[in-house]
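The values are calculated or read from the model by the stated rules, or taken from the named source; none is laboratory data. Every value quoted in this text rests on a predicted model; they were computed, and no experiment measured them. Please note: Cβ atoms are built from the backbone with ideal geometry, for glycine as well, and neighbour counts cover all protein chains shown. Accessible surface is based on the protein model in full, side chains and every heavy atom, while ligands, DNA and RNA are left aside. Shrake-Rupley method; radii C 1.70, N 1.55, O 1.52, S 1.80 Å.
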Amino acid sequence: PHTAAQLPNSSSSYLGMLGGGQLGRMFVHEAQALGYKVLVLEPEADCPAGQAADQHIQAAYDDPAALAKMATLCASITTEFENVPASSLAWLAQTRFVAPSAACVSIAQNRVEEKRFFSRCAAETGIFPAPHAVIASVADLDAIGEDLFPGILKTARMGYDGKGQVRVKTLDELHEAYANMDGVLCVLEKMLPLAYEISVLVARGADGEAVVYPIAENVHREGVLFTTTVPSPHVSPEAASQAQQAALKLIADIDYVGVLCIEFFVLQDGTLTVNEMAPRPHNSGHYTMDACMSSQFAQQVRAMTGLPLGDVRQHSPCVMLNILGDVWFDGETLRSPAWDQVLALPSAHLHLYGKAEPRPGRKMGHITFVASSMEQAQADLRSACQLLG
Ligand code: ADP
Ligand code: MG
């Protein structure tokens, strides 16, 4: 069932998408542009991807009838959400092409597995995860050495945008923080002296061909991605190449098919550390829609249908700015004078996700500033930030 020969490379076939968020929505748009229809499975009504999809099944990700319908209709299936049950992907893969595989998604769903994978490959990539300890029960706390403090306690599963994380300075603070974790599997990670953060987007087809995008430099605010700048203003050519080569080795090692994003820390001494990976297109790759020959979402469609992978070259310098619910102007977003001025910037490319209700921290859309020089893109970003307050 999962050979490249059976991939749906005729248009008008249905592709399946588990998850209904903005990543799914942008995937739907690219899939439709390439001639496919998309079936979205998502429990929430009126979701960003469901609005754009040819069909939306509103059901749980593990609903047997919904999965059966998806398998009947869709020749190839993917996900936009790393926390879909891996068992659903495994079930679908009995009869359909599923990319990325349940095994790959399982690794990315669990920080313990993810770090084990990165550590196993470190001999080849030369890049290690942060020093860490696995905490499965209170008893594990006593074995933790002083060298991991100050540290960050992270839940092994379900963490995102800085959620499920507590910074701890001492063993006492760790005990207290762990007591609030409801006994779930955790990792304690040493706090590293970061200089800046980068991510590497890679895509791989079922035939093993892989491509890697330029290094993206990411700034977070309160745990949420704030801006992505490409080319990275800080990364050295040596570090860039090391991170890209590592990403290509990692994606091949687990025979991953589709788009994968790997986050790295660059430490103050210039050393690279590998942080985590997302088994899907990523927020830090949204810039590819406006600044690269082929977007990360088009790449996902190509990888899962056996089309040749797209051209990853960037044609213009850019900065991407996330638009969170915090700056939403009481439903008048697009007609306020400030927004009109932002949209009047010639470099500004706006993408809204169709979410009705703005909430603080909620990702409502993004703007990519694409210009002929990085100076211009950054100047327009600064203007927009001032206008949006
Ligand atoms: P999430 O799943 O929320 O993205 P991350 O592991 O990427 O979780 O952590 C979120 C942010 O916290 C990172 O982007 C980085 O800024 C900071 N961070 C995480 N781990 C460390 C660490 N070991 N040392 C220093 N900063 C860290
Ligand atoms: Mg992260």
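Answer yes or no: is there a residue in the stretch 110-125 that is β-branched (Val, Ile, Thr) and within 14 Å of ligand 1 (Cβ to nearest atom).
Initially, the stretch 110-125 is screened for residues β-branched (Val, Ile, Thr), giving 112, 125.
Okay, now just the ones that are also within 14 Å of ligand 1 (Cβ to nearest atom), so 112.
Scanning the stretch 110-125 turns up at least one residue that is β-branched (Val, Ile, Thr) and within 14 Å of ligand 1 (Cβ to nearest atom).
For a quick check of your reading of the model, give me the residue pairs whose first member lies in the stretch 146-166 and is at pLDDT below 90, whose second is open to solvent by 60 Å² or more (accessible area, probe 1.4 Å) and not hydroxyl-bearing (Ser, Thr, Tyr), with beta-carbon atoms closer than 8 Å and at least 6 apart or on different chains.
Gly159/Gln165; Gly162/His220; Gly162/Glu222; Gly164/Met158
Being of a type in the set (Val, Ile, Thr) and either open to solvent by 60 Å² or more (accessible area, probe 1.4 Å) or farther than 26 Å from Glu82 by Cα (or both) is the filter here; which residues of the stretch 162-171 pass it?
Val168, Thr170
Give the residue, chosen from Ile198, Ile215, that is touching a residue at least 12 places away in the same chain (Cβ under 8 Å) and within 15 Å of ligand 2 (Cβ to nearest atom).
Only one candidate passes the filter, namely Ile198.
Considering (1) more than 22 Å from the chain's Cα centre (by Cα); (2) within 16 Å of ligand 2 (Cβ to nearest atom), say which one Met158 fails and leave the rest.
Checking Met158 against (1) more than 22 Å from the chain's Cα centre (by Cα); (2) within 16 Å of ligand 2 (Cβ to nearest atom), the one that fails is (1).
Can you pull out every residue in the stretch 176-231 that is farther than 27 Å from Gly306 by Cβ and among the polar types (S, T, N, Q)?
Once the filter is applied, which keeps residues that are farther than 27 Å from Gly306 by Cβ and among the polar types (S, T, N, Q), the stretch 176-231 yields Asn180, Asn218, Thr227, Thr228, Thr229.
For the stretch 291-314, indicate whether the set of residues that are within 16 Å of ligand 2 (Cβ to nearest atom) and open to solvent by less than 10 Å² (accessible area, probe 1.4 Å) is non-empty.
Scanning the stretch 291-314, I find no residue that is within 16 Å of ligand 2 (Cβ to nearest atom) and open to solvent by less than 10 Å² (accessible area, probe 1.4 Å), so the answer is no.
Could you go through the stretch 52-67 and let me know if any residue there is without any contact (Cβ under 8 Å) to a residue 12 or more places away in the chain and either in contact with a helix residue (DSSP H, G or I) (Cβ under 6 Å, 6 or more places away or on another chain) or farther than 22 Å from Pro279 by Cβ (or both).
The answer is yes; a qualifying residue exists.
Which one is farthest from ligand 2 (Cβ to nearest atom) among residues in the stretch 167-191 that are in contact (Cβ under 8 Å) with a residue 40 or more places away in the chain and within 30 Å of Asp255 (Cβ to Cβ)?
Filtering the stretch 167-191 for residues that are in contact (Cβ under 8 Å) with a residue 40 or more places away in the chain and within 30 Å of Asp255 (Cβ to Cβ), the one farthest from ligand 2 (Cβ to nearest atom) comes out as Leu185.
Just to be sure, is Tyr160 near ligand 1 (Cβ under 9 Å from one of its atoms) and aromatic (Phe, Trp, Tyr)?
yes
Could you check, for the stretch 230-241, whether at least one of its residues is at pLDDT 95 or above, closer than 23 Å to Ser373 by Cβ, away from ligand 1 (no atom under 15 Å from the Cβ) and part of a strand (DSSP E or B)?
yes
Restricting to the stretch 172-205, count the residues that are more than 16 Å from ligand 1 (Cβ to nearest atom), modelled with pLDDT of 95 or more and open to solvent by less than 60 Å² (accessible area, probe 1.4 Å).
5
Please go through the stretch 44-56 and pick out each residue that is crowded, with 20+ Cβ neighbours inside 10 Å and assigned to a loop (DSSP other than H, G, I, E, B).
The answer is Cys47, Ala53.
Which residues, taken from the stretch 136-157, are under 19 Å from Asn110 (Cα atoms) and either within 15 Å of ligand 1 (Cβ to nearest atom) or of a type in the set (Gly, Ala, Ser) (or both)? Lay out the reasoning, then the answer.
Of all residues in the stretch 136-157, those under 19 Å from Asn110 (Cα atoms) come to 136-137, 140, 151-157.
Hits for the stretch 136-157 are Ala136, Ser137, Gly151, Ile152, Leu153, Lys154, Thr155, Ala156, Arg157.
Please verify whether Ile262 is within 15 Å of ligand 1 (Cβ to nearest atom), aliphatic (A, V, I, L, M), at pLDDT 95 or above and open to solvent by less than 10 Å² (accessible area, probe 1.4 Å), treating the condition exactly as stated.
Working: within 15 Å of ligand 1 (Cβ to nearest atom): yes; aliphatic (A, V, I, L, M): yes; at pLDDT 95 or above: yes; open to solvent by less than 10 Å² (accessible area, probe 1.4 Å): yes.
Here the answer is yes, as Ile262 does meet what is asked.
Which strands (runs of 3 or more DSSP E) sit wholly inside the stretch 285-389 and have at least 3 residues that are touching a residue at least 60 places away in the same chain (Cβ under 8 Å)?
By residue number, 318-324, 363-370.
Check Pro131, Pro100 and return the single one that is touching a strand residue (DSSP E or B) at 6+ places or on another chain (Cβ under 6 Å) and either of a type in the set (S, T, N, Q) or under 18 Å from Leu248 (Cα atoms) (or both).
Pro100
If we keep just the residues of the stretch 252-275 that are assigned to a loop (DSSP other than H, G, I, E, B) and of a type in the set (Asp, Glu), which is nearest to ligand 2 (Cβ to nearest atom)? So that I can check it myself, show each step before the final result.
Step one: list which residues in the stretch 252-275 are assigned to a loop (DSSP other than H, G, I, E, B), which gives 254-257, 268-271.
Imposing the further condition that a residue be of a type in the set (Asp, Glu) reduces the set to 255, 269.
Working: Asp255: 24, Asp269: 21 Å.
Checking each candidate, the answer is Asp269.
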